[in-house]
1. Over the chain, what is the relative contact order in percent, taking alpha-carbon pairs closer than 8 angstrom and at least six residues apart?
2. Where does region 33-91 land on Rg(C-alpha)/(2.2 N^0.38 Å)?
3. Please report, to one decimal in angstroms, the Kirkwood hydrodynamic radius of region 153-275 built from all distinct Cα-Cα pairs.
4. If you average the C-alpha positions of region 265-296 and of region 216-261 separately, how far apart do those two centres end up, in angstrom?
5. Calculate log10 I(q)/I(0) of region 347-428 for q = 0.12 Å⁻¹, where I(q) comes from the Debye formula with a single equal point scatterer on each Cα and nothing for solvent.
6. What ranking, highest mean first, results for peptides 324-332, 122-130, 470-478 when packing means the other Cβ atoms within 10 Å averaged over each residue?
7. Send over the per residue convex hull volume for region 390-431, Cα only, as a whole number of Å³.
8. From the phi of every residue in region 462-475, what ³J(HN,Hα) in whole Hz does the Karplus formula 6.51 cos²θ - 1.76 cosθ + 1.60 yield, where θ is phi - 60° and glycine or proline is x?
Amino acid sequence: MSDTEAIHSSAFVEVNYDDKIPNNVNLNSDKQLQRALEEWQPQYLDWWQEAGPNCFQDADVYLRTAVGVDPKGWAVFDHVKMPEYRWGILLAPKEEGRTIPFGRHKGEPAWQEVPGEYRAILRRMIVVQGDTEPASVEQQRFLGKTAPSLYDLRNLFQVNDEEGRHLWAMVYLLVKYFGRDGRDEAQALLERRSADQDNPRILGAFNERTPDWLSFFMFTYFTDRDGKMQLAALAQSGFDPLSRTCRFMLTEEAHHLFVGETGVGRTIEATVNAMNAAGIKDPYDVEAIRKLGVIDLPTLQRKANFHMSVTRDLFGSEISSNGAELFSAGLKGRFEETRIEDDHVLADATYPVMRVKNGEIVTEDVPALSAINSRLLDDYIKDCQGGIDRWNRTIAKAGIDFQIKQPHKGFHRKIGEFAGHHITPEGELISAEEFEARKNEWLCTEADHDFINSLMKACYEPGQYASWIAAPRVGINNKPGDFEYVKIYESDGSAA
Ligand SMILES: [Fe+2]
Ligand SMILES: [Fe+2]
């Protein structure tokens, strides 16, 4: 995070911050697009009020706003009211002479317009990505009421506002490049609702509840990381406007992952500190640990198991003809495609995929093209490990014998090769009956959730933190420990 209060980008297209819709895409020169987006904007604000953060709409929140795309400085920090946040349209700078980096069109100039033959699948891909952005805001709608500190409250709202901007980013692509259909899709993105019976969000994990702050931190660590992987794959796209849009979104995404990693990390820190202060060494002495007002490590593991498994489902079927076509068509690449050393066409290549065959978990080489999703999932699982290792170091340093682990890839899966099978976190294939009988060892029970909920009490005093979470090491934008990240007023409906 930058230590400068306000930095403006200079080397790139000037962003007019006073525009109704701040942008670096020269919106003023495309009147039709501008009009379409200005028509969409009030509906977006209606959605924000109806489905975005509950209460706090009058609060002054210390938010970062993207005002440019210069890697050296692209953000300003200031107290703003959330509905007045400047949701803008920002694309990473155009790389002159960029070519399509993979697939059957490899080496051809990147597309600046939608290639006619791929119009439908490209649109679908953008809609699916776009749908996740408002969905997470909806899932997190009620968390403000139980924020463990003003610092965390601010981070929640920062993430929410930026997910809103990511929706803008996808809507820009739909409206600019897909005409009438694009406008209809932009509309539908404001109409679906997370967990709505009749009109839910498209992907499963985005219809789950985010009922408490531990869920929020797990979500931002594990599920926003799916976002990172998807954006990284789309940033490789031969459709250049999509690539440039996603490249800039990744910059913001890094903060969401930071919120998740440090949120879980600080939860662990509070737990091990309280255990040590009380002289408790056994992490399974759950009753005694819970009495200290902190979350025991086995519960944290069960919670992580849930979030990891539902997020892995977001990668789709490991073996997928759709994934193969998106790759071959040059629309969606692999993670860090340009750094992979192969021919980037994969006509004859294979990739090892884990699957269940004849009652056994085996690894089989399959055509690499059809295993694109599987590879992205494997890269995701690797990417998850760094933060988990850091959490484990906190536990080890405190002298407590416990490690957070990633469950087996097949644990608790509903989509793909492992759907319909019952696999323990250790990777043992068991019967449905046994899984049912033992699932409380691996996933949170209602009693666990009741306990977590009992800790979820708001703490709005500057510099104060709820019992179950430690203070952060550094403030946002290097602000001091007692900084008032959110100024809450009576009109926010949150004082009670
Ligand atoms: Fe996002
Ligand atoms: Fe995110």
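1. Rounded, it is 19 percent for the chain.
2. Normalised by 2.2 N^0.38 Å, the Cα Rg of region 33-91 equals 1.28.
3. Kirkwood radius, region 153-275: 16.0 Å.
4. Centre-to-centre distance over Cα atoms comes out at 33 Å.
5. Reported log10 I(q)/I(0), two decimals: -0.47.
6. Values: 324-332: 23.0, 122-130: 21.0, 470-478: 15.0.
Output ranking for 324-332, 122-130, 470-478: 324-332, 122-130, 470-478.
7. 76
8. Result, ordered by residue: x, x, 9, 9, 4, 4, 8, 9, 7, 5, x, 6, 10, x Hz.
The values are calculated or read from the model by the stated rules, or taken from the named source; none is laboratory data. Worth saying up front: this structure is predicted, and the values here are computed from it rather than measured. Note: ideal-geometry Cβ built from the backbone for every residue, glycine included; neighbour counts use all protein chains shown. The accessibility values were calculated without ligands, DNA or RNA, using every heavy atom of the protein model including side chains. Shrake-Rupley method; radii C 1.70, N 1.55, O 1.52, S 1.80 Å.
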